[in-house]
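The values are calculated or read from the model by the stated rules, or taken from the named source; none is laboratory data. Nothing here was measured: the structure is a model prediction, and the numbers come from that model. Note that we place each Cβ from the backbone using ideal geometry, even for glycine, and neighbour counts take in every protein chain shown. These area figures cover heavy atoms from the full protein model, side chains too; ligands, DNA and RNA do not enter into them. Shrake-Rupley method; radii C 1.70, N 1.55, O 1.52, S 1.80 Å.
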Amino acid sequence: MLVKRLCKVWQYGMGRTVLATMAAHSNSISVGLCQGYSAILLPQLQDKASKLVVSEQDASWIAALGVISNPLGALLSGLLVELLGRRTAIQLTAIPYVVGWVCLALARHFTLLCVGRFISGLAVGMAAASYLYVAEVAPASHRGPLSACGPVLVSLGVLIVYTLGFFAQWHIVAALCTIFALFSLVAVSLVPETPPWLAARGRTAEARTALVWLRRSPAAADKELAEITDSLAQANKEAEAGAGRCSFVQPAIWKPFLLLLAFFLFQEGSGIYVVLYYAVSLFQEVGTEMNEYVASIWVACMRLVMSLLGALAIQKLNRTTLACMSGVGMFLAMLAAGFYEHLFSSLPPSSRPLPWVPLACFLVHVCVSMLGYLQLPWIMTGELFPLRARGAMGGIVSSLAHLLIFTSVKTYPDLRNAIGMDGVLWVFSALSLCGAVFGKFLLPETNGRTLREIEMSFGGHESDKAKDGKEGVDEEAAMPPASASVAARKNSRGEAVAAPVDPNDDSILDIVAASSRGQDVYTISLGRQR
């Protein structure tokens, strides 16, 4: 279904836009590799046959160090996307990836392991630039599914590293992961910078060239460039009037900041990343009918499949609906898993009845999380902020989100020892339910809306398109045929009458107001594209 959708997009002249977004999202494969690596690393290190043995506390640090540097990487990304551009920021992400994986591949003691995890964690934080790039090159009507390809490739990366961990030792897996970082570096080098970033820096000619490459139509590029420049001009006027300063006190900035921060808080509280980082260890503790590595691969497979379905659902369903459904599903899954653990925690995993129940609960949790709660906060980080603050505020929010991930991953072992596994699962369940309520009543809707419309809604304004209830309507589909040209003219009695217009007019949309010359005449012509 997703392939058919992308093929349909390709047919409408969006092929290069799809290539550009997939190139940017190729960086997400390495994100999945880094996030899933600790799940195969820690059990191998804690095996008695391992040459490098670590304690449980050391293991928690190894897992958490892959996250603790994420906020720093996100802040660095926020600076780079503004100073050097969205594409360059994605390219630079390959450097800490390669250095981190090489350190892990060569590590023979605990310190170098920690160094490798910390450096690769920097790259994971910097990867937030990919979502910003996609948000700015994708048209509003296709931004949802194109942005959702990021979580799909993250899931692919998790599946790859889980599978490699089943067949190979952790240091060999680390060496193989460098290939994906180098591939992303090459892929991103082949696509242009985002037109809004170029236009905002006065590089209008380059912005038009990038748009022509992306849309494969000079006429469509000129129309979109005009919209970008108009938006920038309006922002400059507001700034001169004192209403558009890039200040946190502006509603267009603090409102999305608080909403995204709450969204990420419920995301981490639902246990999504704990399941991801501790998959093998979790299955060892709760017990399953199959090998723990095989169970983790099953989870990764379902994660990939559901991320594909989520990419389709995000185009068909509202953001609020997906968030609510996802939160309720995670609530039920963790509630059932908590009751199972509470009833049979006194028994060893091998002696527990219905050993398939924990695996089923975690599979359900992973599946429903991919429909909304895992992907939506990251996608909306590139949607909600205005252009003047999109890079900086996106970096700050991503930094805080990664800080929350670090907190959940690092404190999980201590929380489990303090309140038991069943208590931890119930905490995840309760916060998932709170997240569903948040998604239903507080989360803003962005599906099918342009970035400018989203910005205006936070500023207390609604665009004419939004007021008319036309969000999400494809402009090309709503446009009359090229031959349908019409003009409206008032007669001597003030009545509007139709008048023919030359059908060979080459303009896309030409509105001429002659009232300034004393003439009450308005002409609207729709002509053929060049």
With the Cα gyration tensor of the stretch 54-135 giving a ≥ b ≥ c as the square roots of its eigenvalues, does the rule (a/c under 1.5 for rounded; else a/b larger than b/c for prolate; else oblate) give rounded, prolate or oblate? prolate
Computed lengthening from Leu347 to Leu190, 0.36 nm per intervening residue step minus Cα-Cα distance: 50.9 nm
Roughly how many percent of the accessible protein surface of the stretch 252-459 is carbon and sulfur, given a 1.4 Å probe and a whole-percent answer? 74
With a Förster distance of 45 angstrom and the Cβ-Cβ distance between Leu442 and Phe183, calculated FRET efficiency to the nearest 0.05 equals 0.70
Spin-label pair Ala430/Val115, simplified geometry with 7 Å Cα→Cβ offset, distance in nm: 4.3
With an 8 Å Cα cut-off and a minimum separation of 6 or more residues, compute the relative contact order for the stretch 252-459 in percent. 42
Diffing the stretch 268-279: the Karplus 3J(HN,Hα) column from phi (6.51, -1.76, 1.60, θ = phi - 60°), in whole Hz with x for Gly and Pro, holds 5, x, 7, x, 4, 7, 5, 4, 5, 7, 10, 3
What part of the accessible area of the stretch 1-191, given as a whole %, is carbon or sulfur when the probe is 1.4 angstrom? 72
For an R0 of 25 angstrom, estimate the FRET efficiency from the Cβ-Cβ distance between Asn236 and Ala262 and round to the nearest 0.05. 0.20
If you take the beta carbon distance between Asp47 and Leu79 as r and set R0 to 56 Å, what does 1/(1 + (r/R0)^6) give as a FRET efficiency, to the nearest 0.05? 0.85
Using only alpha carbons, build the gyration tensor for the stretch 1-191 and give me the equivalent ellipsoid semi-axes, biggest first, whole Å. 32, 18, 12
Hey, got the dipole for the stretch 1-191? About the Cα centre, +1 on K and R Cβ, -1 on D and E Cβ, debye to the nearest 20? 500
Cα centroid separation, the stretch 119-155 to the stretch 50-96 (Å): 16
Let me test this: with uniform point scatterers at the alpha carbons of the stretch 252-459, what is the Debye-based log₁₀ I(q)/I(0) at q = 0.12 1/Å? -0.62
Contour minus Cα-Cα distance for Thr204 and Leu309 (0.36 nm per residue): 34.0 nm
Projected onto the charge dipole of the stretch 6-112 (unit charges on the beta-carbon of Lys, Arg, Asp and Glu, signs +1, +1, -1, -1), the Cα from Leu41, Ser77, Val18 with the largest positive-side position is that of Val18
Residue-normalised accessible area of the stretch 380-445, given per residue in Å² at a 1.4 Å probe: 34
Rounded accessible area per residue of the stretch 1-191, 1.4 Å, Å²: 36
Full extension from Asn417 to Leu106: what is 0.36 nm times the residue separation minus their Cα-Cα distance, to one decimal in nm? 108.7 nm
